[in-house]
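Notes to accompany the following structure.
The values are calculated or read from the model by the stated rules, or taken from the named source; none is laboratory data. Just so it is clear, the structure is predicted and the values come from calculations on it, not from any experiment. Every residue, glycine as well, gets a Cβ built from its backbone with ideal geometry; the counts of neighbours run over all protein chains shown. In case anyone asks, the SASA skips ligands and DNA or RNA and just uses the protein heavy atoms, side chains included. Shrake-Rupley method; radii C 1.70, N 1.55, O 1.52, S 1.80 Å.
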Amino acid sequence: MIMATSVLLGACSQPEVKETNAETPAPAPIIGRSDMKIPEGRMTPEALWAMGRIAGVNVSPDGNKIVYSVGYYSVPENKSNREIFVMNADGSDNRQITQTPFSESEAKWIKNGAKIAFLSSESGTSQLWEMNPDGTGRRQLSNYDGNIEGFSFSPDEKKVLFIAQVKTVPSTQDKYPDLDKTTGIIVTDLMYKHWDEWVTTAPHPFVADFDGDKVANPIDIMKDEPYESPMKPFGGIEQLAWNTTSDKIAYTSRKKVGKEYALSTNSDIYVYDLNTKQTVNISEGMMGYDTNPQYSPDGKSIAWLSMERDGYESDQNRLIVMNLESGEKKFVSKDFDSSVNEFCWSADSNSIYFTGVWHGEIQIYAADVHACTYRTITSGMNDYAGISLLGDKLIAMRHSMSAADEIFTVAPATGEATQLTYENKYLYDQMEMGKVEGRWMKTTDGKQMLTWIIYPPHFDPNKKYPTLLYCEGGPQSPVSQFWSYRWNFQIMAAHDYIIVAPNRRGLPGFGKEWNEEISGDYGGQCMKDYFTAIDEFAKEPFVDKDRLGCVGASFGGFSVYWLAGHHDGRFKAFIAHDGIFNMEMQYLETEEMWFANWDMGGAYWDKQNKTAQRTFANSPHRFVDKWDTPILCIHGEKDYRILANQGMAAFNAAVLRGIPAELLIYPDENHWVLQPQNGVLWQRTFFEWLDKWLKK
């Protein structure tokens with residue numbers, strides 16, 4: 001899964017982007033937590049949750065200062081908080097400027113660097129505030145009747161654009177005012193649920209005058225429209241943009257509701273003129289996702305990300321540039337045989353810097369806007385994210401399978417990277433990380449597949465180790481150098497497991513053909529690739545063939561359930577999180593129907609559709625009679641992408657078959673696990689299960 005706006009089937013490898021909300025905010029953390037000791041130098045669940053999580057990097061207008069935020073979690077209090085930091089552009093004089101019980105986020109420089117604007121819940125709702133660069137002089141700027149979810153000042157700073165929810169679906173109480181305590185929801189169309197919520201509101205863009213002191217009464221630029229902008233469930237302020245003259249706003253929207261919304265990915269880029277109050281669709285006729293517009297610094301062009309085909313959410317994400325005078329559109333990333341993740345313009349408007357995955361790594365590239373060619377800037381076993389300009393350099397976050405996000409600068413000409421932050425160094429210094437290596441393996445159809453291998457700390461090739469096959473979600477999200485606070489390879493390695501993580505068929509970063517060889521073929525070549533990965537690596541003398549496990553979430557959970565019925569005794573333990581067990585039920589239960597239609601090939605009742613019939617004939621529930629191996633099923637009841645009954649049904653089937661099984665169910669978690677104590681419970685249950693069956 002490529003798009004941040006549409007994480008279908010989970011993309012379990014992606015870092016969690018939401019934070020735990022609580023009625024009473026957590027107290028400000030003791031930054032550094034130098035009192036935490038890591039037993040035996042090996043990663044623990046508690047160490048993972050003690051790590052600060054960096055986000056929201058923003059550069060001052062003069063390029064001399066950087067502001068960013070860090071999220072902290074308290075396991076005992078089961079809460080989170082986010083604080084703001086400021087440092088010099090070279091990483092020096094790094095200091096925390098907030099330490100409050102209110103979560104502060106989205107910090108941005110305003111007033112030529114004299115102030116920092118940010119969001120805070122200090123007044124009871126999330127509002128726009130400002131403060132001095134040292135954290136003093138906090139002052140509330142907005143008094144909107146609701147929560148502000150993201151914001152952007154116009155280039156002249158005379159206006160502010162922000163995101164807020166508007167009610168789009170009448171409630172039961174609206175229809176029956178006398179039933180003010182009823183909890184019943186009356187549904188009349190599709191998309192009544194999405195990700196983890198019952199849909200009653202939509203995010204809208206609001207614009208308001210700003211006199212430097214207060215934000216005036218805002219206007220909804222999509223007034224009376226029931227559509228989303230930005231798009232749920234993950235879209236944010238990156239889906240909206242100011243032009244250089246502060247009189248137009250480009251925004252992303254899929255102007256559909258109900259069944260039409262559920263069947264289509266066709267979103268567009270709209271431009272709202274603040275002077276005429278008119279809106280123009282500038283991507284009309286482009287039928288897939290169109291998202292994340294950005295105007296060029298010279299004001300002559302606008303760029304955005306675009307997918308070609310309606311209904312295919314994992315289509316190649318292309319970088320499109322339109323000349324604002326002529327209307328000509330160019331596919332400037334056409335030579336890059338993968339998807340563009342994020343991008344930013346160069347200062348001279350002649351280039352666009354972007355990130356994209358290739359061969360299991362997310363690197364930074366530069367596209368020539370005129371020649372439509374690109375060059376590679378960075379390299380190495382890591383992933384980059386969140387790029388922007390810092391004078392004559394780039395600034396970005398970087399992570400790997402061995403380290404969480406830190407902030408780096410990158411020289412565009414040479415790719416030289418310099419680390420600026422060391423948020424979690426005090427923890428890394430206490431831990432031994434396992435070695436990560438890439439291996440290319442020949443698949444059953446004669447192609448080459450990159451498989452990541454992660455070894456335990458203090459690996460001894462003369463010993464034999466239990467080994468885990470990791471099954472990726474998405475199903476089209478990359479097995480890149482990702483860092484996860486749940487599916488973390490280093491904590492698995494710290495428990496003395498070797499991890500085998502193949503970039504099997506259907507993953508991006510190996511060309512369009514490889515990426516698309518999964519839709520309509522869930523039980524086909526991708527499953528053969530899994531067997532190739534574990535069988536090839538099991539030939540190593542240090543792999544204990546009698547102690548192999550198989551784990552995964554989302555599509556990876558589907559893979560576990562499917563492999564449980566086809567593994568021919570290879571594995572001794574399975575763990576499936578939020579996986580599809582019964583594909584016929586999944587077709588009708590999931591909310592984003594475009595995904596089911598594209599990836600499954602259509603409805604199971606269409607007997608003439610050979611692709612659909614092949615899909616549903618490979619549903620894992622049809623092979624339960626072949627199950628013979630202990631299995632742990634994990635699911636969240638707020639998961640509306642893959643409903644919790646899928647995990648319950650798999651568990652029930654295993655118990656009825658007399659197979660050792662366990663069910664970990666979360667009434668208050670979605671497709672992910674976001675609350676600290678639930679996360680620790682997940683890790684403890686995960687390893688207790690594996691240790692029980694693979695280490696006895």
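Is at least one residue of the stretch 519-529 among the aliphatic types (A, V, I, L, M), out of contact with any strand residue (DSSP E or B) (no Cβ under 8 Å at 6 or more places or on another chain) and not in a helix (DSSP H, G or I)? Within the stretch 519-529, not a single residue is among the aliphatic types (A, V, I, L, M), out of contact with any strand residue (DSSP E or B) (no Cβ under 8 Å at 6 or more places or on another chain) and not in a helix (DSSP H, G or I). Is it fair to say THR200 is more than 23 Å from the chain's Cα centre (by Cα), free of Cβ contacts under 8 Å to residues at least 40 places away in the same chain and surrounded by fewer than 19 Cβ atoms within 10 Å (Cβ to Cβ)? Spelling it out, THR200 is indeed more than 23 Å from the chain's Cα centre (by Cα), free of Cβ contacts under 8 Å to residues at least 40 places away in the same chain and surrounded by fewer than 19 Cβ atoms within 10 Å (Cβ to Cβ). Restrict the check to the stretch 449-459 and report whether at least one residue is part of a loop (DSSP other than H, G, I, E, B), in contact with a Cys (Cβ under 9 Å, 6 or more places away or on another chain) and open to solvent by less than 10 Å² (accessible area, probe 1.4 Å). Taking every residue of the stretch 449-459 in turn, none turns out to be part of a loop (DSSP other than H, G, I, E, B), in contact with a Cys (Cβ under 9 Å, 6 or more places away or on another chain) and open to solvent by less than 10 Å² (accessible area, probe 1.4 Å).
Condition first: under 25 Å from GLY565 (Cα atoms), open to solvent by 30 Å² or more (accessible area, probe 1.4 Å) and part of a strand (DSSP E or B). Can you find one or more residues in the stretch 435-443 that meet it? Within the stretch 435-443, one or more residues are under 25 Å from GLY565 (Cα atoms), open to solvent by 30 Å² or more (accessible area, probe 1.4 Å) and part of a strand (DSSP E or B). Here SER142 passes the criteria (1) touching a residue at least 40 places away in the same chain (Cβ under 8 Å); (2) assigned to a strand (DSSP E or B); (3) buried (at least 21 other Cβ atoms within 10 Å of the Cβ) except the one numbered (2).
Candidates are the residues of the stretch 366-395 that are among the aliphatic types (A, V, I, L, M) and free of Cβ contacts under 8 Å to residues at least 60 places away in the same chain; the one that is nearest to LYS330 (Cα to Cα) is ALA371.
The set of residues in the stretch 580-610 being in contact (Cβ under 8 Å) with a residue 12 or more places away in the chain and surrounded by fewer than 19 Cβ atoms within 10 Å (Cβ to Cβ) consists of GLU584, MET585, GLU589, ASN597, ALA603. Screening GLY446 with (1) of a type outside the set (A, V, I, L, M); (2) closer than 18 Å to GLN363 by Cβ; (3) without any contact (Cβ under 8 Å) to a residue 24 or more places away in the chain; (4) open to solvent by less than 50 Å² (accessible area, probe 1.4 Å) gives one miss only, at (2). The number of residues in the stretch 313-326 being open to solvent by 20 Å² or more (accessible area, probe 1.4 Å) and within 25 Å of the chain's Cα centre (by Cα) comes to 2. May I ask you to verify whether PRO218 is farther than 27 Å from ASN350 by Cβ and either of a type outside the set (S, T, N, Q) or at pLDDT below 95 (or both)? In short, yes. If you go through the stretch 352-397 and pick out every residue that is among the small types (Gly, Ala, Ser), outside any strand (DSSP E or B), farther than 26 Å from ARG504 by Cα and touching a strand residue (DSSP E or B) at 6+ places or on another chain (Cβ under 9 Å), you end up with 1. Look at the stretch 77-94: where a residue is open to solvent by 30 Å² or more (accessible area, probe 1.4 Å) and a partner is of a type in the set (A, V, I, L, M) and part of a loop (DSSP other than H, G, I, E, B), sitting 6+ places away or on another chain with Cβ atoms under 6 Å, you get GLU77/ALA26; LYS79/ALA22; LYS79/ALA26. For first residues located in the stretch 310-337 and without any contact (Cβ under 8 Å) to a residue 40 or more places away in the chain, partners that are outside any loop (DSSP other than H, G, I, E, B) and of a type in the set (Ser, Thr, Tyr) and lie 6+ apart or on another chain with Cβ distances below 8 Å form the pairs ARG318/SER306; ILE320/SER306; ASN323/SER301; LEU324/SER301; ASP335/THR373; ASP335/TYR374; PHE336/TYR365; PHE336/TYR374. Evaluate the following for ALA411: is it out of contact with any Asp or Glu (no Cβ under 7 Å at 6 or more places or on another chain), more than 24 Å from TRP487 (Cβ to Cβ) and among the small types (Gly, Ala, Ser)? In short, yes. Looking only at residues of the stretch 521-568 that are among the small types (Gly, Ala, Ser) and closer than 23 Å to PHE595 by Cβ, we find that the one that is surrounded by the fewest Cβ atoms within 10 Å (Cβ to Cβ) is GLY524. Here the stretch 398-433 is the region considered, the condition is being in a loop (DSSP other than H, G, I, E, B) and polar (S, T, N, Q), and the residue that is nearest to the chain's Cα centre (by Cα) is SER402. Here the condition is being closer than 15 Å to TRP562 by Cβ and hydrophobic (A, V, I, L, M, F, W, C); of ALA654, ALA644, ALA661, it holds for ALA654 alone.
Looking only at residues of the stretch 569-579 that are of a type outside the set (Gly, Ala, Ser) and open to solvent by 10 Å² or more (accessible area, probe 1.4 Å), we find that the one that is farthest from GLN525 (Cα to Cα) is LYS572.
Residues that are hydroxyl-bearing (Ser, Thr, Tyr), more than 25 Å from ARG684 (Cα to Cα) and open to solvent by 10 Å² or more (accessible area, probe 1.4 Å) do not occur anywhere in the stretch 481-491. Residue by residue through the stretch 327-347, note down the ones that are of a type in the set (Phe, Trp, Tyr) and more than 18 Å from the chain's Cα centre (by Cα). Across the stretch 327-347, the qualifying residues are PHE331, PHE336, TRP345. Selection of the stretch 95-139 for residues being open to solvent by 10 Å² or more (accessible area, probe 1.4 Å), free of Cβ contacts under 8 Å to residues at least 40 places away in the same chain and in contact with a strand residue (DSSP E or B) (Cβ under 8 Å, 6 or more places away or on another chain) yields ARG95, ILE97, LYS115, GLU122, SER123, SER126, TRP129, ASN132, GLY137, ARG138, ARG139. Of all residues in the stretch 173-206, those satisfying the criterion of being of a type in the set (Val, Ile, Thr), within 24 Å of ASP639 (Cβ to Cβ) and either out of contact with any Asp or Glu (no Cβ under 9 Å at 6 or more places or on another chain) or in a helix (DSSP H, G or I) (or both) are THR183, ILE185, ILE186, VAL187, THR188, THR200, THR201. Exactly one residue among LEU674, LEU632, LEU694 is buried (at least 21 other Cβ atoms within 10 Å of the Cβ) and over 29 Å from PRO76 (Cα atoms), and that residue is LEU694.
Scanning the stretch 647-661 for residues that are more than 15 Å from LYS572 (Cβ to Cβ) and either charged (D, E, K, R) or open to solvent by less than 10 Å² (accessible area, probe 1.4 Å) (or both) yields GLY647, ALA650, ARG657. Going by the conditions given, is SER554 out of contact with any strand residue (DSSP E or B) (no Cβ under 7 Å at 6 or more places or on another chain) and either at pLDDT below 95 or small (Gly, Ala, Ser) (or both)? Yes; evaluated as a whole, the condition is true for this residue. The set of residues in the stretch 268-294 being in contact with a Ser or Thr (Cβ under 6 Å, 6 or more places away or on another chain) and either of a type outside the set (A, V, I, L, M) or surrounded by fewer than 22 Cβ atoms within 10 Å (Cβ to Cβ) (or both) consists of ASP268, TYR270, TYR272, MET286, GLY288, TYR289, ASP290, THR291.
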